[in-house]
Amino acid sequence: MDPEYFKSYDMCWGTLGTIRPFCNFHPDKDAVEIQAALEKKDAGTLVRILTNRNNAQRQVIAKTFQEITKKDLAASVKKALAGDLETLLLELLLAPMEYEAQRLQQAMTGLGTDEETLMEILCTRSGKQLQEISDAYTSMYKKDLEKEMKGETSGDFAKLIVALLHKEGVSGVVQKDIESLSASLGGKKADAGPWIDILTSRDSDHLNKVLMGLELENGQMVDQVLEKRFSGDIRLGLKVLVQCIQSPDAYLAKRLTSKKASTVQGIMVSHCEEDLLCIRAAYLKLTGTSLYTALQSQFKGDLLQALLAICRSED
């Protein structure tokens with residue numbers, strides 16, 4: 001196994017992820033089995049191996065496959081498979097921050113920008129992770145992520161996106177922050193500036209106290225205040241940010257209810273080694289149905305088996 005890979009990614013091996021390191025790991029054996037499966041177009045075997053190894057192990061398998069066959073594993077998967085299953089397996093083969101970079105690039109490609117996917121990634125990733133994602137984006141697409149985002153957004157929403165990309169912990173006083181946010185709502189038109197400045201530069205514990213205090217002062221939920229006082233992309237952006245501050249798991253669970261294949265796959269692949277168990281619990285609380293059961297009503301065939309393997313089990 002490649003020790004440099006493990007050093008280069010600050011992965012979470014705790015109990016909150018659904019995919020963990022495969023104990024009896026033999027990359028040579030996996031690579032040979034994958035080679036045979038690709039020749040037969042045996043999707044079941046590919047799903048079984050790639051969803052039962054964590055990302056670091058998949059990187060080792062890809063390297064071993066290249067050494068044995070002199071072929072690129074991702075290119076071989078593209079040749080052998082098609083459709084959503086091909087897409088999912090290729091996503092699993094990307095390193096974590098490369099995958100997030102790809103999701104951002106796809107959110108800005110084509111007709112219209114997918115603002116909510118941009119917000120999802122920016123709001124649920126740490127400043128350190130976002131720097132790694134930005135570096136990966138530059139390496140993969142030879143473009144600057146911040147410049148690309150500025151080109152795809154405008155106004156206060158663009159300011160929010162950039163502030164999130166460079167989020168940092170700045171100390172603040174809870175009551176002062178409550179007063180600043182409250183004052184921003186006082187004019188004929190609400191001022192997004194203080195919301196952007198405060199919500200992108202304080203830690204979540206501090207911000208939860210601020211938001212709770214603001215709700216007590218206004219007698220309304222923050223989500224309701226934002227809905228009434230803002231409009232367009234900045235309203236969407238601030239609402240997503242507030243939801244992620246209050247409970248990122250609940251926000252991601254809500255996103256999963258959209259039943260949009262790219263959204264479901266994106267969240268499950270992104271979070272399967274970090275906190276998918278928490279998202280599963282939030283999904284059950286929100287819908288009354290387990291994510292494992294919900295997937296079975298939406299997907300079928302080998303893609304369903306792959307998603308169930310990532311989800312892991314019933315709740």
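The values are calculated or read from the model by the stated rules, or taken from the named source; none is laboratory data. Every value quoted in this text rests on a predicted model; they were computed, and no experiment measured them. All Cβ positions, glycine included, derive from the backbone under ideal geometry; neighbour counts span all protein chains shown. Keep in mind that these areas ignore ligands, DNA and RNA; they rest on the heavy atoms of the full protein, side chains included. Shrake-Rupley method; radii C 1.70, N 1.55, O 1.52, S 1.80 Å.
Under the rule a/c < 1.5 gives rounded, and otherwise a/b versus b/c splits prolate from oblate, where does the stretch 231-315 land using the Cα gyration tensor?
In terms of gyration-tensor shape, prolate.
Quick one: compute a quarter of the convex hull surface over the Cα atoms of the stretch 68-145 and quote it in nm².
The number I arrive at for the stretch 68-145 is 6.5 nm².
Just the projected area, averaged over all directions, of the convex hull on the alpha carbon atoms of the stretch 21-82: how many nm²?
Taking a quarter of the hull surface, the average projection is 3.7 nm².
If you consider only alpha-carbon coordinates, what radius of gyration and Dmax does the stretch 78-234 have, in Å?
When restricted to Cα atoms, the stretch 78-234 yields Rg and Dmax of 18.2, 60 Å.
Grab the Cα-Cα distance for Q106 and Q131, subtract it from 0.36 nm times how many residues apart they are, and report the gain in nm with one decimal.
7.2 nm
Probe of 1.4 angstrom, ligands and nucleic acids ignored: what's the accessible area per residue over the stretch 37-180, in square angstrom?
46
Can you give me the distance in nm between label points at K285 and H166, each placed 7 Å from the Cα along the Cα-to-Cβ direction?
If labels sit at K285 and H166, their model points lie 3.5 nm apart.
Using only the Cα atoms of the stretch 248-289, build the gyration tensor, take square roots of its eigenvalues as a ≥ b ≥ c, and label the shape rounded, prolate or oblate: rounded if a/c is under 1.5, else prolate if a/b is larger than b/c, else oblate.
The shape class here is oblate.
Report, in debye and to the nearest 20, how large the dipole of the stretch 93-205 comes out about its Cα centre when Lys and Arg carry +1 and Asp and Glu carry -1 on their Cβ.
Charge dipole, the stretch 93-205, about its Cα centre: 240 debye, nearest 20.
What whole-number value in Å² describes the accessible area per residue of the stretch 241-280 for a 1.4 Å probe?
Numbers: 1200 Å² over 40 residues.
On a per-residue basis, the stretch 241-280 sits at 30 Å².
Tell me what the chain gives for mean residue ellipticity at 222 nm when only DSSP H runs of n ≥ 4 count, each as -39,500 (n - 2.57), the sum divided by the residue total, rounded to 500 deg cm²/dmol.
-21500 deg cm²/dmol
Of the listed pairs K259/K300; K150/K176; K209/K239, which have alpha-carbon separations greater than 21 Å here? Don't skip to the answer; put the middle values down first.
Values: K259/K300 13 Å; K150/K176 30 Å; K209/K239 17 Å.
Violating the 21 Å Cα-Cα cut-off are K150/K176.
Fully extended, how many nm does the chain gain between M140 and S154 (0.36 nm per residue separation, minus their Cα-Cα distance)?
Numbers: separation 14, 0.36 × 14 = 5.04 nm, distance 2.46 nm.
The M140-S154 span can extend by a further 2.6 nm.
Report the label-to-label distance for K259 and A36 in nanometres (one decimal), using points 7 Å from each Cα along the Cα→Cβ vector.
Taking the two extended label points, one gets 4.0 nm.
Roughly to the nearest percent, how much of the accessible area of the chain is carbon and sulfur, given a 1.4 Å probe? Each step should come with its number before you reach the end.
Numbers: 7660 of 15050 Å².
Reported share for carbon and sulfur atoms: 51 percent.
How high is the FRET efficiency from A75 to E227, r the C-beta distance, R0 35 Å, rounded to 0.05?
Efficiency at R0 = 35 Å is approximately 0.15.
Please work out the Kirkwood hydrodynamic radius for the stretch 191-235, using every pair of different C-alpha atoms, and report it in angstroms with one decimal place.
By the Kirkwood definition, the hydrodynamic radius is 11.2 Å.
Take the alpha carbon gyration tensor of the chain, find the square roots of its eigenvalues, order them as a ≥ b ≥ c, and report rounded if a/c is under 1.5; if not, report prolate when a/b exceeds b/c, else oblate.
Prolate.
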